[in-house]
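Notes follow once the structure below has been shown.
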Amino acid sequence: MGWWLLSFKGQKEKKVMKRMKSQKYTQYPSVAIINRQWPDRSITKAPIWCSVDLRDGNQALPVPMSVEEKVSMFQLLVSIGFKEIEVGFPSASATEFAFVRRLIEGGLIPDDVTIQVLTQAREHLIRRSFEAIAGAKQAIVHLYNSTSTLQRDVVFRKNREEIKAIAIEGTRLVRRLRDESGSKGIRFEYSPESFTGTELDYALEVCHAVMDAWGATAEDKVILNLPSTVEMSQPNIYADRIEWFCSHVNHRDAVLISVHAHNDRGTAVATAELALLAGADRVEGALFGNGERCGNMDVVTIALNLLTQGIDPELDFSDLPRIREVYRRCTRMDIHPRHPYAGELVYTAFSGSHQDAISKGMKARAIDKDGLWAVPYLPIDPEDVGCSYEAIVRINSQSGKGGVAYVLEKDYGIQIPKWMQPDFAEAVQAVADMSGVELSAEQIHELFYTEYVKRQEPVVLKKCHISWDDEDLDRSEAESTLISAIVQLKEREFSFEARGNGPLDAFVKGFVKESGLDFSVDEYAEHAIGRSAGAQAIAYIRIGSADGRVSFGAGIDSNISLASIKAIVSALNRLP
Ligand code: KIV
Ligand code: ZN
């Protein structure tokens, strides 16, 4: 369809849609890889995880964490189960140095946890990093220098050999300082930073040089971290690069291939997942994807993705509310309400058809608790991540009868029968439409009472006595129930006595006769609310008048017969 404007002369002119400047950009090169393997593989186990919350995550915060906040964050990461934690860039900041010392001197690092420190490949920074980790039982020294074509040209103005030399020199120094320290617990990681902007063969060449400089062996492996420092391509191309790298690297058994994806294209999790298929052993990332620009790869999402495939993620996210709370407090960052698994709204359904399906799925689930998780619209059991079912269904003007009924049953034990659900949903929808906001379970409950239970106009039941002719428990005699009632209808008060085969029947007969309003009961349901001796009974009713009007009512009383009579009065009061 064209866009048309009217010119001064009243003639139609076509408005040209503004085009974005796609010619400014070019396609990322694909990898010449024959017979790629990764698309046919599956992830079958958790990778080695490394949290970079305290370094990459922290470095991207408008207000970086204080030492105390870092300690809280570290303890959180330990409690989640991270065994490798990058704790900072201690040579770059006094706070980070102090924090690393605090961890070591304070004995805060569990024996099975290895801290990792980042350093540029510069002598004084490497030396300072070793000072920071002195006394740590286990540590990884993570050395990096940018190898990308662009940075070589415009930032460092160095050629390939010169950039490679920086990596080699840095590695040799780390090796020497490790040997001098006599510590058996120091390992080495090297990142060709901006790997995604680096020619693949050159990245491999630099990594080979680093492996040689380190003297990597199967017993003393080098971690080669191949970062998607800036996410520049589709995840499948990154996976191709990882597969190519894994199949071309010398002494594959002497290296651990690590990936570290940023989220510039919004696909960091997919990038890391495909990289695992392509042969990566280790994944670096941050909670809720915190990190430079669009963030680091989100470890919560990737780990819970594994869980939902039946794979133990070896990280414990069973208490997401607590993790969210510590994360927010320490980082002062928000978590998007629609963040996968963790957002405040992800276990909530507003739409009627979703609510209905969830509510049915939950009911089916109650019967088959040990079976595989299968509830429509919920890829994970909210309880597995510490979220409660109550939050699942929330009511606004988009909600349907199933959701409204679910909320009342879940929170108040009121099981509105199916044939009455549309009637109440209409009342809820009218209020939600008018207010334009979400209704709480409490408001819905209150509305149910106002709409049905508390109705006192035009009919008021002033007195009601029920008796039976005999003590025959079978009530085998027809018309054995006698009711005497006093009723007010608008300004008129009348009393009647009537017989029926039950209280409801007797009341209807008496009322119809005395009031002149002819109606019959079309549907009826009842149940107890609560289980104690003091439980209440609730009755639901649908009546149809002789002139074709239909109305629904509900009554609550400790006596079930009275509850049903109150339900009739309620329906009479709602007759249109
Ligand atoms: O994104 C990146 O490349 C980094 C490196 C320092 C590993 O954070
Ligand atoms: Zn990074």
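All of the numbers you see were taken from the coordinates with simple rules; none came from a lab. Source: prediction; values computed, not measured. Note that we place each Cβ from the backbone using ideal geometry, even for glycine, and neighbour counts take in every protein chain shown.
Here are some notes:
- Over the stretch 478-556, the ratio between the Cα radius of gyration and 2.2 N^0.38 Å evaluates to 1.22.
- DSSP beta bridge pairing in the stretch 1-149, given as percent antiparallel to the nearest 5: 25
- In degrees, nearest ten, helix 160-181 long axis to first principal axis of the chain (Cα): 90
- Remark: the Cα gyration tensor places the stretch 293-410 in the oblate category, a/c being 1.5 or greater and a/b not exceeding b/c.
- Given charges at Cβ of Lys, Arg, Asp, Glu: the chain dipole, positive-most of Ala98, Ile43, Gly500: Ala98
- For the stretch 459-573, the relative contact order works out to 18 percent when only alpha carbon pairs closer than 8 Å and six or more residues apart are counted.
- Where both bridge residues fall in the chain, DSSP classifies roughly 50% of the beta bridges as antiparallel.
- Filtered chymotrypsin sites (Phe, Trp or Tyr not before Pro), the stretch 300-367: DSSP coil and at most 10 other beta carbons within 10 Å: none
- Under DSSP loop assignment and at most 12 Cβ neighbours within 10 Å, longest GluC sites (Glu not before Pro)-free interval of the chain: 220-470
- Rounded Å value of the spacing that divides the Cα centres of the stretch 419-473 and the stretch 477-501: 22
- Ascending count of other beta-carbon atoms within 10 Å, so fewest first, for Met232, Met65: Met232, Met65
- Against the chain, whose longest principal axis is taken from its Cα atoms, helix 268-277 shows a tilt of about 70°.
- Integer Hz, Karplus 6.51/-1.76/1.60 couplings in order for the stretch 522-527, x for Gly and Pro: 9, 9, 8, 8, 8, 6
- Fewest-first ranking of Trp468, Trp214, using other Cβ atoms within 10 Å as the exposure measure: Trp468, Trp214
- Taking a ≥ b ≥ c as the square roots of the Cα gyration tensor eigenvalues, the stretch 352-453 comes out prolate, since a/c reaches at least 1.5 and a/b is larger than b/c.
- Lys, Arg +1 and Asp, Glu -1 on Cβ, resulting dipole of the chain about Cα centre, debye, nearest 20: 2520
- Under 25 Å from Lys509, Cα to Cα: lysines that are on another chain or at least 8 residues apart: Lys454, Lys462, Lys463, Lys490, Lys566
- Shown is the FRET efficiency for His251 and Glu438, computed with R0 = 51 Å from the Cβ-Cβ distance and rounded to the nearest 0.05: 0.30.
- Gyration tensor (alpha-carbon) shape descriptor, the stretch 37-320, a/c threshold 1.5: rounded
- The order of Thr301, Thr271, going from fewest to most other C-beta atoms within 10 Å of their C-beta, is Thr301, Thr271.
- Top positive-direction residue, dipole computed over the chain with Cβ charges, set Ser515, Val87, His354: Val87
- Cβ-based net charge around Thr308, under 10 Å, with every Lys or Arg adding one and every Asp or Glu removing one: -2
- MRE, 222 nm, helices only [DSSP H, n ≥ 4, -39500 (n - 2.57), over the chain, to nearest 500]: -11000 deg cm²/dmol
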